[in-house]
Amino acid sequence: MRVLHVITGLEAGGAEQWLRLLLRHGTAEADVLCLTNPGVVADALRADGVRVTDLGMRGNRDLAAIPRLVRHVRRGRYDLVHTHLYRAQVYGALAARLAGARTVVSTEHSLNDRLIEGRPTDRPGVRRLYVAAARLTTRVVAVSEPVAARLVAWGVPEEKVVVVPVGIDAAAFAFDAAARREVRAELGLPADGVVVGGVGRLVAPKRFDVLLRAVAALPDVAVLLVGDGPAREPLAALATELGMVGRVRFAGQRLDVARVLSAMDVFASPSPEETFGVALLEALAAGLPVAYVAAPALAGRAPSSHVRRVEPTAEAFAAAVAELARGPDRGRRATATPAGFADYDVPTLARRMDRIYEECVGRRRRAGGRGAGGGGMADAPGVPR
């Protein structure tokens, strides 16, 4: 089976990294097309042997991108087009249908109560465009139950929606004492001091400003932020305002997140709205104590002494970080796989996605070949909501 993955961009992020893992473990012959902004994940995919195309889209309203995308789909003669993220879904589903590729699957990674891929959900036309694209889509994959519920509330037919969570390679995040020393030396962090870290796009909704304000009240504690985005300069300005320039490190976009997690002592996620929370799972796989506000990935998990759910305030994070940093294993922790981690096993989830592809393409073929329309399908075997 030939699959084209269409994604908005390929900077380091949860959706982009999950796509890379799917391609490593799935069975389909797959190419990737990003609408814009090929980043470090594009380079990594090419190093993996994946063919990556940058469509060069110039903005959200660059309608000239549609015929280019249509031509690309036609040339590739793909059995299925799989879109990821809002802009790729809106443009990709339409282009796939215009190109005659009637089987389209989308994965929704970023829909929360207020935002979808950085867009306010109450902005005129945002919901209408998404639901229109969903009508052209055979299957809509949600990364969590809350995302699935929001999709249905938006008007996506419930029978089209299936939940497949993001997976992680837990073993790859095992604590590495040598990496801890190396990363701290590289970034100019104290060898023995307490380091609180966060991973994610540096954008206002992630609320890393709350983390900086929390740590400002904790003498001799440093902050390490992994990621990049438009909030980097405001965060740097805030660090200056708080008098903690020497205690904040911006590591930028990196693919060696596992090594950087080894350099941390506490992981913090102050975002009040998360559609999944893969960075939290990675931190737990690295043996880190965690303070967080929201994470569907941790829903239903048994309470733990090294996991704190807190209010999204500087005071709450300061108290949680101060307590978690006192743990006896700081700097020499052993990695223990959290209970229930099997739910996010990458090969298992990749096989689930393969079954979705097979069911979707099989349904189209039974209905009359390449020209058959999409639409709601019966639930794929073994793919529960």
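The values are calculated or read from the model by the stated rules, or taken from the named source; none is laboratory data. Values in this document were obtained by computation on a predicted structure and should not be read as measured data. So basically every Cβ, Gly included, is an ideal-geometry build from the backbone, and we count neighbours across all protein chains shown. Please note that ligands, DNA and RNA were not included when accessible areas were found on the heavy atoms of the full protein model with its side chains. Shrake-Rupley method; radii C 1.70, N 1.55, O 1.52, S 1.80 Å.
Please indicate, with yes or no, whether at least one residue in region 234-244 is open to solvent by 30 Å² or more (accessible area, probe 1.4 Å) and outside any helix (DSSP H, G or I). Before you say what the answer is, go through the steps one by one.
Residues of region 234-244 open to solvent by 30 Å² or more (accessible area, probe 1.4 Å): 234, 236-237, 240-243.
After this cut, where a residue has to be outside any helix (DSSP H, G or I) as well, the list is 242-243.
There is at least one residue in region 234-244 that is open to solvent by 30 Å² or more (accessible area, probe 1.4 Å) and outside any helix (DSSP H, G or I).
Yes/no matrix, rows are residues, columns are (1) in a loop (DSSP other than H, G, I, E, B); (2) at pLDDT 95 or above; (3) open to solvent by 10 Å² or more (accessible area, probe 1.4 Å):
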{"site": "140", "(1), (2), (3)": "no, yes, no"}
{"site": "149", "(1), (2), (3)": "no, yes, yes"}
{"site": "184", "(1), (2), (3)": "no, yes, no"}
{"site": "201", "(1), (2), (3)": "yes, no, yes"}
{"site": "215", "(1), (2), (3)": "no, yes, no"}
{"site": "224", "(1), (2), (3)": "no, yes, no"}
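Is it fair to say residue 294 is open to solvent by less than 20 Å² (accessible area, probe 1.4 Å) and without any contact (Cβ under 8 Å) to a residue 60 or more places away in the chain?
Numbers: open to solvent by less than 20 Å² (accessible area, probe 1.4 Å): yes; without any contact (Cβ under 8 Å) to a residue 60 or more places away in the chain: yes.
Spelling it out, residue 294 is indeed open to solvent by less than 20 Å² (accessible area, probe 1.4 Å) and without any contact (Cβ under 8 Å) to a residue 60 or more places away in the chain.
On the given criteria, is residue 85 open to solvent by 10 Å² or more (accessible area, probe 1.4 Å), on the phi > 0 side of the Ramachandran plot, within 17 Å of the chain's Cα centre (by Cα) and of a type in the set (A, V, I, L, M, F, W, C)?
Yes; evaluated as a whole, the condition is true for this residue.
Could you run through region 10-25 and say how many residues are part of a loop (DSSP other than H, G, I, E, B) and either among the aromatic types (Phe, Trp, Tyr) or buried (at least 21 other Cβ atoms within 10 Å of the Cβ) (or both)?
Final tally of qualifying residues: 3.
Go through region 188-199 and count every residue that is open to solvent by 40 Å² or more (accessible area, probe 1.4 Å) and free of Cβ contacts under 8 Å to residues at least 40 places away in the same chain.
2
Specify the residue that is farthest from residue 13 (Cα to Cα); the eligible residues are those in region 255-278 that are touching a strand residue (DSSP E or B) at 6+ places or on another chain (Cβ under 9 Å) and not in a loop (DSSP other than H, G, I, E, B).
266
Within the set of pairs 6+ apart or on separate chains, which have a first residue in region 356-370 that is under 16 Å from residue 78 (Cα atoms), a second that is of a type in the set (Asp, Glu) and at pLDDT 85 or above, and C-beta atoms under 6 Å apart?
If the second residue must be of a type in the set (Asp, Glu) and at pLDDT 85 or above, the pairs left are 361/79.
Return the only residue of 171, 133 being surrounded by 19 or more Cβ atoms within 10 Å (Cβ to Cβ), within 22 Å of the chain's Cα centre (by Cα), in a helix (DSSP H, G or I) and aliphatic (A, V, I, L, M).
Numbers: 171 fails: surrounded by 19 or more Cβ atoms within 10 Å (Cβ to Cβ).
Among 171, 133, only 133 is surrounded by 19 or more Cβ atoms within 10 Å (Cβ to Cβ), within 22 Å of the chain's Cα centre (by Cα), in a helix (DSSP H, G or I) and aliphatic (A, V, I, L, M).
Quick one: residue 305 ticks every box in (1) assigned to a helix (DSSP H, G or I); (2) more than 24 Å from residue 146 (Cβ to Cβ) except a single one, so which number is it?
Unmet for residue 305, out of (1) assigned to a helix (DSSP H, G or I); (2) more than 24 Å from residue 146 (Cβ to Cβ): (1).
Suppose we keep only residues that are open to solvent by less than 50 Å² (accessible area, probe 1.4 Å) and without any contact (Cβ under 8 Å) to a residue 60 or more places away in the chain within region 299-315. Which one would you say is nearest to residue 214 (Cα to Cα)?
310
Kindly provide the set of residues from region 216-227 that are closer than 16 Å to residue 271 by Cβ and out of contact with any Phe, Trp or Tyr (no Cβ under 6 Å at 6 or more places or on another chain), ordered by number.
Of everything in region 216-227, those that are closer than 16 Å to residue 271 by Cβ and out of contact with any Phe, Trp or Tyr (no Cβ under 6 Å at 6 or more places or on another chain) turn out to be 223, 226, 227.
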